[in-house]
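**Student:** Here you go, one structure.
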Amino acid sequence: MKPSRDVGIVGYGAYVPRYRLPASEVARVWRGGRGPLPIEEKAVPGLDEDTATISIEAARNALARAGIDPQLIGAVWVGSESHPYAVKPTGTIVAEAIGATPEVLAADWEFACKAGTEVVQAAIGLVASGMARYALAIGADTAQGRPGDALEYTVGAGGAAYIIGPREESLAYFEGTYSYVTDTPDFFRRPCQRYPTHGGRFTGEPAYFRHTLAAGRNLMEMLGLRAEDYAYAVFHQPNAKFPVRAAKELGFTREQIEVGLLVSEIGNTYAGSSLLGLTAILDVAKPGERILLVSYGSGAGSDAFSLVVTDLIEERQARAPFTRDYIARRKEIDYATYVRYRQKLHIQ
Amino acid sequence: MREVAIIGIGQTKVGEHWEKSLRQLAAEAIRVAMHDAGIERADALYVGNALSGEIAHQEHLGALVADFAGLKGIEAVKVEAGGASGAAALRVGYLAVASGLNDVVVVCGVGKMTDRIEAMRTAALALTLDGDYEAAHGLSLAAVWALIMRRYMHEYGVKHEDFAPFTMNAHSNAMGNPYAMFRRPISAEAFARAPMIADPIGLLDMAPLADGAAAVVLCPARQGREFTDKAVEIVASAAATDAVALHDREDPLFLRAAHLSAQRAYQLAGVKAEEIDIFELHDESTIAAALSLEACGFAERGQGVRLAQEGKIALNGRIPISTMGGLKARGNPVGATGLYQVVEVVQQLRGEAGVNQVKGARLGMAQSLGGSGATAITHILAA
Amino acid sequence: MSIAHNWRLRNQRYRLVGEVCGNCGAKLFPPRDVCPACGHSMATPSLTPMQGENPPEGTNQTTAYVFSGRGEVYSYSTVYQAPEGYGEFVPYTVALVKLEEGPLVTAQLADVDPDEVRIGMPVEMVTRKLKEEGKDGIIVYGYKFRPRLKA
């Protein structure tokens, strides 16, 4: 997809909470310490954090980089599968907190781990159509993992925010986007269920890989580009293996995905995952470099974006904390503390 | 304006009165005070209390207590000023008599804190802070005293253990007061070891919340002799306020309301701080005690703790405080506290303080604080 | 349920919106009806001039002021016995923070261990959950302060 008017990223921001639960702790409690670990450790939100607070900080960082008047933002959209309210948008809280109200759109979005990139797609449409000068797209999550389940090792918390605006003001612009979506129930949660259900190995081939590879291939074909044309590639990161394999199958090298591959250090931040990877890339990217982002959300679908960095990036990178700063800011906790912080002891 | 005298006093023990309700406690103290004054009737009743609505699910205490104390029909209102409610009620009673509009007035302070569990009592007390900008952020009254104490320690190079003498003095004196809640001594080691409530405020820095009631009977001083030969005159009554929120105060380490209130009281009584023989101050916390001494002119800024360390606050010291246990050991039934302070000063001035008698006590000062010092009400009494 | 009460405070809670006194220039948080520094009336007078009349002399306008959120710790205390409603967060550290523009504000500290806090520590404002009004009530968000991430 290519909008009739070029748009891009005017500002970007990240947020990762400070607490870390080593995967070895989950293994210690549930498996006697044995077995392979899918990642090193994951980010855990504190008692006073949720998707709204994560989104607010990421948004403030994006605003700091963009240097725009928040009153000019036409939409504040938050994609997540852990919105604090089932009914009452996270978007309005964020919009109020950053001074974007009252002339603004602000609904919540859900599409598992691709809710954030779906919002980016919509934001591109809103801005390119001329309906808004800027749109704020956020992907953030504090999702829960079922105790002892494979996903508990990896489900992390974090978020990223992107202010989409005119290409002339962008630090990176979109060459094109593509979405590949089918009805594939690899991972889902029914209302009033505390934890999601997933299909085990079904989440691989027919789910993550089918959609990710299709989106990546088709976008590059559409644009007449190949893996070598890219400086960086970032994929949705449910664990350390899937994105590495997807990258390889699309022809990317380990070096190309290294900067954006954060999962081993902060876990799978769900709607924030590929978007956070992109912030880490933008923190070090140079003008003219090309970036491929392919997200994946269970249910299922992938959004692919091809971006080119502009000259404006260098003056904006240091206006807010780097994603690496947030990752380095860590306090290790044990499983008991994690259970307290994630309120897993409150049984209804 | 007429001079006003206290012609009768009454108090209940301070403690956890599981068996007694708020109205029972108030009525008990009032009946004892009226008996002490030898009266059957009064013109007005002022009831000092804070938080009855929150804790006892009961407002409208003036009329309620009047009825249950056998004073139905007379003028009666509840008076509230946080922890200074009792003193505030006394001030209203004082004004009623001094103005000439009432002759015999009963003032009662009552507190019923134990009907709610501790966390709810803490939340209730936090209602005397700034609700929107202090309590909403999870502050308790103890936490506010802690913020003051830590900064005080930082600015004056004082350690937490240095505050122990306030607690030790109060507990030592409480042993001689049959109405006190805690009647055993506290050592410096126990003080230092006490668990933290909000550091550096520990369990033994804070006065215990409790139940209790105390009352006095007032009449024009000229008529005092008709009732008793133990009349004690109120020679000064003065109140002042400061910003409720600690962060709104010009100087967070200075109890400005206490200072203003004391200055006005000294002026009204025509005395200087040096002439005060007893000071029943608001030792809701050890830091409050130190700052009260400083605000009222008994110590220089930052030297209040030194006064205690040098033993000057003891019964035989230069400025005895908490002579019957203070809030710390006699106990703190919040709204009743201001009246307990005055009742104790009266006991001292009458020579009825028993083993705690301060020799030759002629002028006694009682001061109550509301919140973390936003209200200060001072009374000076003369034998 | 304190829906309206909390909602009224949203500008202060979310963005540290205070004001500048139109008379003496004092920066105030939170906004007030009467300036504590000079006594100037901050609110718009309720008696507006009649048609054709000039407004009274010297009606200096009070303007909103959004504080930067940067400040330093003036004092702090870690709470172990919390008031009801805050027990689930114990232990938490509260502080008096001196904002770089002048006013003192009371708030919790976030993302810092009690033994890491120092008087004078530079901090910055973050928006966090203050509390939840039960399982079916509103979530109250507001300001806390954490050690500065960027100088």
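**Student:** Which one of these is more than 14 Å from chain C (Cβ to nearest Cβ), within 25 Å of residue B:369 (Cβ to Cβ), surrounded by fewer than 20 Cβ atoms within 10 Å (Cβ to Cβ) and not hydrophobic (A, V, I, L, M, F, W, C): B:183, B:193? Let's see the steps before the verdict.
**Tutor:** Details: B:193 fails: within 25 Å of residue B:369 (Cβ to Cβ).
Of B:183, B:193, the one residue that is more than 14 Å from chain C (Cβ to nearest Cβ), within 25 Å of residue B:369 (Cβ to Cβ), surrounded by fewer than 20 Cβ atoms within 10 Å (Cβ to Cβ) and not hydrophobic (A, V, I, L, M, F, W, C) is B:183.
**Student:** Right, another one. Please find, among A:280, A:246, A:300, the residue that is outside the structural domain of residue A:40 (by TED's automatic domain parsing), part of a strand (DSSP E or B) and farther than 30 Å from residue C:87 by Cα.
**Tutor:** It is A:300.
**Student:** While we're looking at this one, here's another question. Determine which member of the set B:307, B:268, B:293 is in a helix (DSSP H, G or I) and buried (at least 24 other Cβ atoms within 10 Å of the Cβ). First the steps, then the outcome.
**Tutor:** On the way: B:307 fails: buried (at least 24 other Cβ atoms within 10 Å of the Cβ); B:268 fails: buried (at least 24 other Cβ atoms within 10 Å of the Cβ).
Just one listed residue meets the conditions, B:293.
**Student:** Could you tell me whether any residue of the range B:145-154 is more than 21 Å from residue B:78 (Cα to Cα), outside any strand (DSSP E or B), within 14 Å of chain C (Cβ to nearest Cβ) and free of Cβ contacts under 8 Å to residues at least 40 places away in the same chain? Walk me through how you get there before you give the answer.
**Tutor:** First pass over the range B:145-154, keeping only residues more than 21 Å from residue B:78 (Cα to Cα): B:145-154.
Okay, now just the ones that are also outside any strand (DSSP E or B), so B:145-154.
Adding the requirement that they be within 14 Å of chain C (Cβ to nearest Cβ) leaves B:145-154.
From what is left, the residues that are free of Cβ contacts under 8 Å to residues at least 40 places away in the same chain are B:154.
For the range B:145-154, residues more than 21 Å from residue B:78 (Cα to Cα), outside any strand (DSSP E or B), within 14 Å of chain C (Cβ to nearest Cβ) and free of Cβ contacts under 8 Å to residues at least 40 places away in the same chain: present.
**Student:** Also: All but one of (1) within 14 Å of chain C (Cβ to nearest Cβ); (2) under 30 Å from residue B:251 (Cβ atoms); (3) not polar (S, T, N, Q) hold for residue B:116; state the number of the condition that does not hold.
**Tutor:** The failed condition is (2).
**Student:** Can you name the residue in the range A:313-334 that is more than 21 Å from the chain's Cα centre (by Cα) and surrounded by fewer than 19 Cβ atoms within 10 Å (Cβ to Cβ) and is also nearest to the other protein chains (Cβ to nearest Cβ) among such residues? Don't jump to the end; show me each part of the working.
**Tutor:** In the first step, residues of the range A:313-334 are kept if they are more than 21 Å from the chain's Cα centre (by Cα); the result is A:314-315, A:331-334.
Filter again for surrounded by fewer than 19 Cβ atoms within 10 Å (Cβ to Cβ), leaving A:314-315, A:331-332, A:334.
Working: A:314: 17, A:315: 16, A:331: 8, A:332: 12, A:334: 15 Å.
Here the residue is A:331.
**Student:** Restricting the first residue to the range A:257-277 and requiring it to be more than 17 Å from residue A:40 (Cα to Cα) and in contact (Cβ under 8 Å) with a residue 12 or more places away in the chain, which pairs with a second residue that is crowded, with 24+ Cβ neighbours inside 10 Å and among the hydroxyl-bearing types (Ser, Thr, Tyr) meet a Cβ separation below 6 Å and a spacing of at least six or different chains?
**Tutor:** These pairs meet every condition: A:271/A:80; A:274/A:295; A:276/A:269.
Residue-by-condition table, conditions (1) outside any helix (DSSP H, G or I); (2) free of Cβ contacts under 8 Å to residues at least 24 places away in the same chain:
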residue: B:41; (1), (2): yes, no
residue: B:45; (1), (2): yes, no
residue: B:50; (1), (2): yes, no
residue: B:54; (1), (2): no, no
residue: B:58; (1), (2): yes, no
residue: B:62; (1), (2): no, yes
residue: B:65; (1), (2): no, no
residue: B:72; (1), (2): yes, yes
residue: B:77; (1), (2): yes, no
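**Student:** Taking residue B:204 as the residue in question, decide whether it is crowded, with 21+ Cβ neighbours inside 10 Å and touching a strand residue (DSSP E or B) at 6+ places or on another chain (Cβ under 8 Å).
**Tutor:** Numbers: crowded, with 21+ Cβ neighbours inside 10 Å: yes; touching a strand residue (DSSP E or B) at 6+ places or on another chain (Cβ under 8 Å): no.
So residue B:204 does not fit the description; no.
**Student:** Determine, yes or no, whether residue B:170 is within 29 Å of residue B:26 (Cα to Cα), more than 14 Å from chain C (Cβ to nearest Cβ) and touching a Gly at 6+ places or on another chain (Cβ under 7 Å). Steps first, please.
**Tutor:** Numbers: within 29 Å of residue B:26 (Cα to Cα): yes; more than 14 Å from chain C (Cβ to nearest Cβ): yes; touching a Gly at 6+ places or on another chain (Cβ under 7 Å): yes.
Here the answer is yes, as residue B:170 does meet what is asked.
**Student:** Here is a further query. Is there a residue being in contact with a Leu (Cβ under 9 Å, 6 or more places away or on another chain) and either surrounded by 15 or more Cβ atoms within 10 Å (Cβ to Cβ) or outside any helix (DSSP H, G or I) (or both) anywhere in the range A:200-209? Show your work before the answer.
**Tutor:** Let us first name the residues in the range A:200-209 that are in contact with a Leu (Cβ under 9 Å, 6 or more places away or on another chain), namely none.
Checked the range A:200-209: no residue is in contact with a Leu (Cβ under 9 Å, 6 or more places away or on another chain) and either surrounded by 15 or more Cβ atoms within 10 Å (Cβ to Cβ) or outside any helix (DSSP H, G or I) (or both).
**Student:** Only one of (1) touching a Leu at 6+ places or on another chain (Cβ under 9 Å); (2) among the basic types (Lys, Arg); (3) in contact (Cβ under 8 Å) with a residue 60 or more places away in the chain fails for residue B:91. Which number is that?
**Tutor:** Residue B:91 satisfies all of (1) touching a Leu at 6+ places or on another chain (Cβ under 9 Å); (2) among the basic types (Lys, Arg); (3) in contact (Cβ under 8 Å) with a residue 60 or more places away in the chain except (1).
**Student:** If residue B:247 passes every condition in (1) surrounded by 21 or more Cβ atoms within 10 Å (Cβ to Cβ); (2) in contact with a helix residue (DSSP H, G or I) (Cβ under 8 Å, 6 or more places away or on another chain) but one, which one does it miss?
**Tutor:** Every condition holds for residue B:247 apart from (2).
**Student:** Select from the range A:125-142 the residues that are among the aliphatic types (A, V, I, L, M) and either crowded, with 24+ Cβ neighbours inside 10 Å or within 14 Å of another protein chain (Cβ to nearest Cβ) (or both) and write down the one among them that is farthest from residue A:51 (Cα to Cα). Don't jump to the end; show me each part of the working.
**Tutor:** Within the range A:125-142, the first condition is being among the aliphatic types (A, V, I, L, M), and the residues that meet it are A:126-128, A:131-132, A:135-138, A:140.
This time we only want the ones that are either crowded, with 24+ Cβ neighbours inside 10 Å or within 14 Å of another protein chain (Cβ to nearest Cβ) (or both), so: A:127, A:135-138, A:140.
Numbers: A:127: 25, A:135: 19, A:136: 15, A:137: 14, A:138: 10, A:140: 6 Å.
So, considering only residues that are among the aliphatic types (A, V, I, L, M) and either crowded, with 24+ Cβ neighbours inside 10 Å or within 14 Å of another protein chain (Cβ to nearest Cβ) (or both), the one farthest from residue A:51 (Cα to Cα) is A:127.
**Student:** So, one more: Collect the residues in the range B:101-154 that are out of contact with any Ser or Thr (no Cβ under 7 Å at 6 or more places or on another chain), closer than 21 Å to residue C:140 by Cβ and of a type in the set (Asp, Glu), keeping them in residue-number order.
**Tutor:** Hits for the range B:101-154 are B:130, B:132.
**Student:** In the range B:46-80, what residues are surrounded by fewer than 18 Cβ atoms within 10 Å (Cβ to Cβ) and among the acidic types (Asp, Glu)?
**Tutor:** Scanning the range B:46-80 gives B:54, B:59, B:67, B:75.
**Student:** To continue, here is another question. Give me the residue from the range A:247-279 that is surrounded by fewer than 24 Cβ atoms within 10 Å (Cβ to Cβ) and among the small types (Gly, Ala, Ser) and, out of that set, farthest from residue A:82 (Cα to Cα).
**Tutor:** A:251
**Student:** Cβ-Cβ distance below 9 Å, separation of 6 or more or different chains: which pairs start in the range A:109-136 with a residue that is polar (S, T, N, Q) and end on one that is in a helix (DSSP H, G or I)?
**Tutor:** Qualifying pairs under 9 Å: A:117/A:271; A:117/A:274; A:117/A:275.
**Student:** Does residue B:235 count as surrounded by 24 or more Cβ atoms within 10 Å (Cβ to Cβ), part of a strand (DSSP E or B), β-branched (Val, Ile, Thr) and under 21 Å from the mean Cα position of the chain (by Cα)? Steps first, answer last, please.
**Tutor:** Numbers: surrounded by 24 or more Cβ atoms within 10 Å (Cβ to Cβ): no; part of a strand (DSSP E or B): yes; β-branched (Val, Ile, Thr): yes; under 21 Å from the mean Cα position of the chain (by Cα): yes.
No.
**Student:** I want to confirm something. Restricting to the range C:75-115 and keeping residues that are among the small types (Gly, Ala, Ser), outside any loop (DSSP other than H, G, I, E, B) and crowded, with 20+ Cβ neighbours inside 10 Å, which single residue is farthest from the other protein chains (Cβ to nearest Cβ)?
**Tutor:** Taking the range C:75-115 and keeping what is among the small types (Gly, Ala, Ser), we get C:75, C:77, C:82, C:85, C:87, C:95, C:102, C:107, C:110.
Those still in the list that are outside any loop (DSSP other than H, G, I, E, B) too: C:75, C:77, C:87, C:95, C:107.
When the remaining residues are screened for being crowded, with 20+ Cβ neighbours inside 10 Å, the result is C:75, C:77, C:95, C:107.
Working: C:75: 4, C:77: 4, C:95: 7, C:107: 5 Å.
So, considering only residues that are among the small types (Gly, Ala, Ser), outside any loop (DSSP other than H, G, I, E, B) and crowded, with 20+ Cβ neighbours inside 10 Å, the one farthest from the other protein chains (Cβ to nearest Cβ) is C:95.
**Student:** Still on this structure, please answer the following. I'm checking my understanding of the structure. Among residues of the range A:69-103 that are over 19 Å from residue A:276 (Cβ atoms), touching a strand residue (DSSP E or B) at 6+ places or on another chain (Cβ under 6 Å) and surrounded by fewer than 23 Cβ atoms within 10 Å (Cβ to Cβ), which one is nearest to the other protein chains (Cβ to nearest Cβ)?
**Tutor:** Among those that are over 19 Å from residue A:276 (Cβ atoms), touching a strand residue (DSSP E or B) at 6+ places or on another chain (Cβ under 6 Å) and surrounded by fewer than 23 Cβ atoms within 10 Å (Cβ to Cβ), it is A:84.
The values are calculated or read from the model by the stated rules, or taken from the named source; none is laboratory data. Predicted model only: the values in this text are computed from it and were never measured. Please note: Cβ atoms are built from the backbone with ideal geometry, for glycine as well, and neighbour counts cover all protein chains shown.
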